[in-house]
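Here's the structure, in structure tokens; my notes come after.
What follows is calculated from the coordinates using simple rules that are stated; it is not laboratory data. What you see is a predicted model, and the numbers here were worked out from it, not measured in a lab. We place every Cβ from the backbone using ideal geometry, glycine too, and count neighbours over all the protein chains shown.
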Amino acid sequence: MPSTRRSLLTAFLTLPLIDAVRINALAQADGELPLTLSCEDGDDLTPKQEAGPFFRPNSPLNRDLYPDAAGGERITVAGFVFDDRCRPLAGSLVEIWHADDNGDYDSVGFRLRGHQYSDAQGRWWFNTIVPALYPGRTRHFHFKVQRPGGRVLTTQLYFPGESRNDRDRLFQEALLLNMKQTSDGRFGLFDFVI
Ligand SMILES: [Fe+2]
């Protein structure tokens, strides 16, 4: 049966609720990780990137952005927020903003802008659309991530296989989404390590 965005999100959210230390122990036992845990390297914090000109404060508390651009290709993006020792960070602010399916940002309202707080296991997810390219940049999402009481990480996430990645002055391989194509859109995973 082909996977859907929902089935992959459900699989992500119903992983056994174990802490990342045990995930790492399992991975060593099995030789395979259920998810890429970039924090296992210890000093691999998620790189920061510029916010760019289109950030607006006070985005709504909303993880379902798909209705903001109903004609776009659907994508679910999801992941953990970890500290540098692979411990999930519950209650972390995760904010997204991105271009619509015409490559435009909403500079008046809050279309395709939203934030949420990671759950008790440090997980977050947004249902949204694939942003269109706009002049001068490869395809990307903008994010801000902040653990409770911590500093704000501003960064961007990228799409694998984009021909413009190589020519983008900001593109970083460490910020690539782990992307799957499903029967009803894409599903991208990324773990923030802050
Ligand atoms: Fe942008």
For Asp168, the net charge from surrounding residues (Cβ-Cβ under 10 Å; K, R +1; D, E -1) works out to +3
Label-point separation in nm, Asp44 to Glu73, each point 7 Å along Cα→Cβ: 2.6
Nearest 10 degrees is fine. How inclined is helix 20-30 to the longest principal axis of the chain, computing both from alpha carbons? 70
Relative contact order %, segment 5-193, counting alpha carbon pairs below 8 Å whose residues are six or more apart: 27
What distance in nm separates the simple spin-label points at Ala132 and Asp119, each placed 7 Å from Cα in the Cβ direction? 3.4
Gyration tensor verdict on segment 127-194 (Cα atoms; rounded if a/c is under 1.5, prolate if a/b is larger than b/c, oblate otherwise): oblate
Note the per residue figure in Å³ for the convex hull of the C-alpha positions in the chain. 127
Subtracting the Cα-Cα distance from 0.36 nm times the residue separation, let me have the gained length for Asn58 to Arg167 in nm, one decimal. 36.0 nm
If I model a spin label at Ser183 and Ser107 as a point 7 Å from the Cα along the Cα→Cβ vector, what separation in nanometres do I get? 4.2
